1. Quick one: which residue in L26, L78, L103 is under 18 Å from E216 (Cα atoms), more than 12 Å from ligand 1 (Cβ to nearest atom) and either touching a helix residue (DSSP H, G or I) at 6+ places or on another chain (Cβ under 9 Å) or not aromatic (F, W, Y) (or both)?
2. Filter the range 60-86 for residues that are within 16 Å of ligand 2 (Cβ to nearest atom) and open to solvent by less than 10 Å² (accessible area, probe 1.4 Å); which is modelled with the lowest pLDDT?
3. What are the residue pairs meeting all of these: first residue in the range 208-235, first residue in contact (Cβ under 8 Å) with a residue 24 or more places away in the chain, second residue open to solvent by 60 Å² or more (accessible area, probe 1.4 Å), Cβ atoms under 6 Å, and 6 or more apart or on different chains?
4. Out of W131, W99, W95, which single residue is surrounded by 21 or more Cβ atoms within 10 Å (Cβ to Cβ) and of a type in the set (F, W, Y)?
5. Considering (1) under 24 Å from R22 (Cα atoms); (2) modelled with pLDDT of 95 or more, say which one H193 fails and leave the rest.
6. Which of the residues belonging to the range 182-201 are within 20 Å of Q141 (Cα to Cα) and open to solvent by less than 30 Å² (accessible area, probe 1.4 Å)?
7. For L168, state whether it is more than 16 Å from V85 (Cα to Cα) and either touching a Ser or Thr at 6+ places or on another chain (Cβ under 8 Å) or in a helix (DSSP H, G or I) (or both).
8. Confirm whether G123 is within 16 Å of ligand 2 (Cβ to nearest atom), surrounded by fewer than 24 Cβ atoms within 10 Å (Cβ to Cβ) and not acidic (D, E).
Amino acid sequence: MATDVHGPVTPVTAKAEGLAVRVEGLSRSFDGRAVIDDLRLDVQPGEFVALLGRSGCGKSTLLRILAGLDRDIEGTVLVPRRKAVAFQAPRLMPWKRVWRNVLLGLPGRPERALAERALDEVGLENRSNAWPKTLSGGEAQRASLARALVREPDLLLLDEPFGALDALTRIKAQRLVDELWQRRGCAVLLVTHDVEEAVLLADRVLVMDGGVIAYETRVDLERPRDITDPRFGELRAELLRRLGVDRTERTAHPQPTA
Ligand SMILES: Nc1ncnc2c1ncn2[C@@H]1O[C@H](COP(=O)(O)OP(=O)(O)OP(=O)(O)O)[C@@H](O)[C@H]1O
Ligand SMILES: [Mg+2]
């Protein structure tokens, strides 16, 4: 565990180093147990990075640290001043209309038009005046994305944003994130359980294990990606292996052992 570098989440930008994110010697413990243990991570400006790892390995912990929501850490964390986060549960305030939710927490007195532009970007322009409880799961998720976009982030942090969506809505939401990323050009760190989603969307896929980034691979496939491309299949298989999920475990009829 790194004990030599100490420092809070630094509110300065990592831009000086030409990076969107720089993390060095990062450690975070809960009750004496290190969940993140001397982790190192760089993210380039505009890069789309997906983060995989088994449940409980520390993905959300890392994301919360990058978002500046957890400062009880050791190590160095440089992130852009403009960053935004969207969680699996959209976390909309039920007593505020959708457009007010989008503007929530912004400094000053931002105009409704600002929210409406962001809602337009996620295809939710006609639900601006709705109450959150009247939104479908996919709509609530898009409202949450609009709330992130309105901050014009240089770094967009997404913690399993599509986890609760049905398959079709999920595919639409993935396309939307892809489009928004291409249009906005911000760096994205997407936590997901879905290896296919990671390979579809990301420039680089990380696997977290043992408190560090234990494996990473670039996805040098042209976009939009074709899941039937054999190279896509190879990447997916390798990532599943790294996650400790191999083919025999995934098929209903494992190969008999000799
Ligand atoms: N505030 C906390 N207090 C104590 N332990 C915590 C706290 N937050 C996280 N942990 C522990 O740290 C570990 C990592 O949690 P984390 O939420 O980062 O996992 P994760 O990789 O996001 O898992 P999942 O894929 O299930 O969302 C878990 O063992 C969790 O119990
Ligand atoms: Mg999590």
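1. L26
2. We begin by selecting, within the range 60-86, every residue within 16 Å of ligand 2 (Cβ to nearest atom); these are 60-67, 69-70, 85-86.
This time we only want the ones that are open to solvent by less than 10 Å² (accessible area, probe 1.4 Å), so: 62-63, 65-66, 86.
Details: L62: 98, L63: 96, I65: 97, L66: 97, A86: 90.
Result: A86.
3. Between residues of the range 208-235 that are in contact (Cβ under 8 Å) with a residue 24 or more places away in the chain and residues that are open to solvent by 60 Å² or more (accessible area, probe 1.4 Å), the close pairs are Y215/R242.
4. Details: W131 fails: surrounded by 21 or more Cβ atoms within 10 Å (Cβ to Cβ); W95 fails: surrounded by 21 or more Cβ atoms within 10 Å (Cβ to Cβ).
Unique residue meeting the criteria: W99.
5. Condition not satisfied by H193: (2).
6. Of everything in the range 182-201, those that are within 20 Å of Q141 (Cα to Cα) and open to solvent by less than 30 Å² (accessible area, probe 1.4 Å) turn out to be C186, A187, V188, L189, L190, V191, T192, E197, A198, L201.
7. Values: more than 16 Å from V85 (Cα to Cα): yes; either touching a Ser or Thr at 6+ places or on another chain (Cβ under 8 Å) or in a helix (DSSP H, G or I) (or both): yes.
Yes; evaluated as a whole, the condition is true for this residue.
8. Working: within 16 Å of ligand 2 (Cβ to nearest atom): no; surrounded by fewer than 24 Cβ atoms within 10 Å (Cβ to Cβ): yes; not acidic (D, E): yes.
When the stated conditions are applied, G123 does not pass them.
The values are calculated or read from the model by the stated rules, or taken from the named source; none is laboratory data. Because the structure is predicted, anything quoted here is derived from the model rather than measured. Positions of Cβ are generated from backbone atoms using ideal geometry, with glycine treated the same way; all protein chains shown enter the neighbour counts. Each accessible area value is taken on the protein alone, full model and side chains, heavy atoms only, with ligands, DNA and RNA left out. Shrake-Rupley method; radii C 1.70, N 1.55, O 1.52, S 1.80 Å.
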